[in-house]
Amino acid sequence: MQRRLILFLLFAGAALAQKPSFTVGWSIYAGWTPYFYMNKAGILRKWADKYGIAIKVQRFDYAPSLDAFVAKNIDACAMTNMEALDMPAASGVPTTVVLIGDYSNGNDALLVRGGLQMKDLASKKLLLVQKTVSEYLFDRAMTIAGQRDQIKKVRLVNTSDSDIATAFMGDTGANAVVTWKPMVSQIVKQKGVTSLFNSSQIPGEILDLTVVRSAVLARPEGQRFAKALAGAWYEMLSQMSSDKVLAAIAEGSQDTLESYKEQLSTTKMFYTPQSAVEFGSAPDLKTKMALVRQFCFDHGLLGANTKSVDEVAVKYPDGTVQGKADRVRLVFDLQYMQAAAQGKL
């Protein structure tokens, strides 16, 4: 009898060890910190168990999360639409959007000291995380202000998102900074600091997504992974009307409930799968993505050998492609959000 029990335990342990395992990378941002809560509260485990897989969650600084995704060290990552293009897609790693979480509606901002205006920024020192949406927001701000020809004269200083608030506040020689909340909220409290431009002036252009490597989704267990992510995501979002849940999410960024609520006030969250599907199906998405894709190409972010913007193509839910059909590197796939909306997960 004891021998049978030992054999059973060995076989059970082997089966558990063979359970497909996936890792999601996230970094601090109002629309991504929920991954901390989903993991801590057991929501991810519940949905992973349902689909016979294991899901791990790993926190990174933002740029390192992108590097880990491109290096295939993680299977999914929370990132913006621009980084999905200029990091994995430009690196030849086909990527699929499985969740459209929100868009920045004031979370990202260009802040300045001493009452500077757009026309004053030439030759000034500006901190930001380069090759990210911070650079895109700065470009759009200057362009809309009619100062596009001055962009190259600004001294951009690449600064990690985990250091940028203290770096700017501690360096009076830094004239401007582009970053996102909660760092924006910390910096703007400083005396003499004002906001010149924020993402509410370009609504829907900075999208916050969960993406999965397309090669992962090509496997049956990868499909189960995406379904589990969608199921867990919308279960979590349905609980975000509770202050208790919001406070628990805020812990993920060592934040307060009040601060996290303030960040959410400038985040257009798609709390229901239906709202995310509607946004992902709208023709306007293509218009906004065309702006982002052109920015990436103009700034050499699609790869040094990329001769045309069309060499890194985007495929949309209706089957249309921006760029060369044989060069699709980013796909918007609504099926997992649609399954959630239809109660089919």
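Being surrounded by 15 or more Cβ atoms within 10 Å (Cβ to Cβ) and not charged (D, E, K, R) is the filter here, so list the residues in region 230-241 that pass it. Before the answer, list the steps.
Residues of region 230-241 that are surrounded by 15 or more Cβ atoms within 10 Å (Cβ to Cβ), as a first pass: 230-237, 239-240.
ALA230, GLY231, ALA232, TRP233, TYR234, MET236, LEU237, GLN239, MET240 - these are the residues of region 230-241 that are surrounded by 15 or more Cβ atoms within 10 Å (Cβ to Cβ) and not charged (D, E, K, R).
Looking across region 68-85 at every residue that is open to solvent by 10 Å² or more (accessible area, probe 1.4 Å) and either hydroxyl-bearing (Ser, Thr, Tyr) or touching a helix residue (DSSP H, G or I) at 6+ places or on another chain (Cβ under 8 Å) (or both), the one that is nearest to SER281 (Cα to Cα) is identified as ASP75. Filtering region 40-73 to residues that are in contact with a Phe, Trp or Tyr (Cβ under 9 Å, 6 or more places away or on another chain) and among the polar types (S, T, N, Q) leaves GLN58, SER65.
Scanning region 321-345 for residues that are in a loop (DSSP other than H, G, I, E, B), open to solvent by 40 Å² or more (accessible area, probe 1.4 Å) and charged (D, E, K, R) turns up LYS324, LYS344. In the set LEU111, LEU126, LEU116, only one residue is closer than 20 Å to HIS299 by Cα and open to solvent by less than 40 Å² (accessible area, probe 1.4 Å); that residue is LEU126.
If you go through region 292-320 and pick out every residue that is surrounded by fewer than 16 Cβ atoms within 10 Å (Cβ to Cβ) and not acidic (Asp, Glu), you end up with 9. For the residues GLU205, GLU278, GLU235, the requirement of being modelled with pLDDT of 95 or more, of a type outside the set (Gly, Ala, Ser) and touching a strand residue (DSSP E or B) at 6+ places or on another chain (Cβ under 8 Å) singles out GLU205.
Based on this model, can you work out whether ASP171 counts as out of contact with any strand residue (DSSP E or B) (no Cβ under 7 Å at 6 or more places or on another chain) and either of a type in the set (A, V, I, L, M) or open to solvent by less than 40 Å² (accessible area, probe 1.4 Å) (or both)?
On the way: out of contact with any strand residue (DSSP E or B) (no Cβ under 7 Å at 6 or more places or on another chain): yes; either of a type in the set (A, V, I, L, M) or open to solvent by less than 40 Å² (accessible area, probe 1.4 Å) (or both): no.
No.
Pick out the one residue from THR172, THR179 that is in contact (Cβ under 8 Å) with a residue 40 or more places away in the chain and under 26 Å from ALA290 (Cα atoms). Steps first, please.
Values: THR172 fails: under 26 Å from ALA290 (Cα atoms).
Going through THR172, THR179 in turn, just one is in contact (Cβ under 8 Å) with a residue 40 or more places away in the chain and under 26 Å from ALA290 (Cα atoms): THR179.
Of the residues in region 298-305, at least one is on the phi > 0 side of the Ramachandran plot and more than 18 Å from the chain's Cα centre (by Cα).
Quick one: which of THR96, THR159 is hydroxyl-bearing (Ser, Thr, Tyr), closer than 22 Å to VAL193 by Cα and at pLDDT 95 or above? Lay out the reasoning, then the answer.
Values: THR96 fails: closer than 22 Å to VAL193 by Cα.
So the residue among THR96, THR159 that is hydroxyl-bearing (Ser, Thr, Tyr), closer than 22 Å to VAL193 by Cα and at pLDDT 95 or above is THR159.
Filter region 129-148 for residues that are open to solvent by 60 Å² or more (accessible area, probe 1.4 Å) and free of Cβ contacts under 8 Å to residues at least 60 places away in the same chain; which is farthest from LEU209 (Cα to Cα)?
Of everything passing the filter in region 129-148, ARG148 is farthest from LEU209 (Cα to Cα).
Look at region 64-80: where a residue is more than 13 Å from THR95 (Cβ to Cβ) and a partner is assigned to a strand (DSSP E or B) and open to solvent by less than 10 Å² (accessible area, probe 1.4 Å), sitting 6+ places away or on another chain with Cβ atoms under 6 Å, you get SER65/GLY25; SER65/CYS77; ALA68/GLY25.
Can you say whether LYS181 is of a type in the set (Lys, Arg) and surrounded by fewer than 22 Cβ atoms within 10 Å (Cβ to Cβ), as far as the supplied structure shows? No: the conditions fail for LYS181. Scanning region 264-282 for residues that are surrounded by fewer than 16 Cβ atoms within 10 Å (Cβ to Cβ) and within 24 Å of SER162 (Cβ to Cβ) yields a total of 1.
Quick check on region 43-64. Is at least one of its residues buried (at least 22 other Cβ atoms within 10 Å of the Cβ) and at pLDDT below 95? Spell out how you get there, then give the answer.
Pass one, region 43-64, residues buried (at least 22 other Cβ atoms within 10 Å of the Cβ): 44, 47-48, 55, 62.
Next, only the ones that are at pLDDT below 95 stay: 62.
Yes, region 43-64 contains at least one residue that is buried (at least 22 other Cβ atoms within 10 Å of the Cβ) and at pLDDT below 95.
Among the residues making up region 43-53, a single one is more than 22 Å from the chain's Cα centre (by Cα) and among the small types (Gly, Ala, Ser): GLY52.
All of LYS244, LYS261, LYS227 fail the test of being more than 27 Å from GLY323 (Cβ to Cβ), free of Cβ contacts under 8 Å to residues at least 12 places away in the same chain, part of a helix (DSSP H, G or I) and open to solvent by 10 Å² or more (accessible area, probe 1.4 Å), apart from LYS244. Checked against (1) of a type outside the set (Gly, Ala, Ser); (2) at pLDDT 95 or above; (3) surrounded by fewer than 19 Cβ atoms within 10 Å (Cβ to Cβ); (4) closer than 28 Å to GLY92 by Cβ, LEU285 passes all but condition (3).
The values are calculated or read from the model by the stated rules, or taken from the named source; none is laboratory data. For clarity, every value in this text was computed on a predicted model and none was experimentally measured. In this analysis, Cβ positions are derived from the backbone assuming ideal geometry, glycine residues included, and neighbour counts consider all displayed protein chains. In case anyone asks, the SASA skips ligands and DNA or RNA and just uses the protein heavy atoms, side chains included. Shrake-Rupley method; radii C 1.70, N 1.55, O 1.52, S 1.80 Å.
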